């Protein structure tokens, strides 16, 4: 997706650090007990552990992001997290289901990263993708 609809929070003055803390506080209230954030020139990562599962969001950045754009993107990430938590709070979904795409697998890919090519293949071929690998174990 390009930045064509990047109008959310386009005038926010809230610094990314404060938004990160807001997200961490929301997740801490839900039981998250570990947090991690990092960045490079192209993206920002925000991760936490909740209910024994590691969750990771990747926030893409354009090639030369302005400070305003970075603030706006962080606010959009907060909106996503709040929406997922609201869905959990009112019973639309469970916490695990709400964050399934961002759940980190043992190979450090998220479920979404792992499944994306399989979903594309399933739609192209009409065949279901295999389940998660058994890592050498036989199914019973």
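The values are calculated or read from the model by the stated rules, or taken from the named source; none is laboratory data. Here the structure is a predicted model, which is why all the values come from computation and not from measurement. Here the Cβ is made from the backbone with ideal geometry for all residues, glycine too, and neighbour counts use every protein chain on show.
Overview of results
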{"quantity": "Selection status of residue 20, surrounded by 16 or more Cβ atoms within 10 Å (Cβ to Cβ) and in a helix (DSSP H, G or I)", "calculated": "yes"}
{"quantity": "Pairs, first at pLDDT below 95 in the stretch 45-61, second buried (at least 16 other Cβ atoms within 10 Å of the Cβ) and part of a strand (DSSP E or B), C-beta under 8 Å, six or more apart", "calculated": "61/44"}
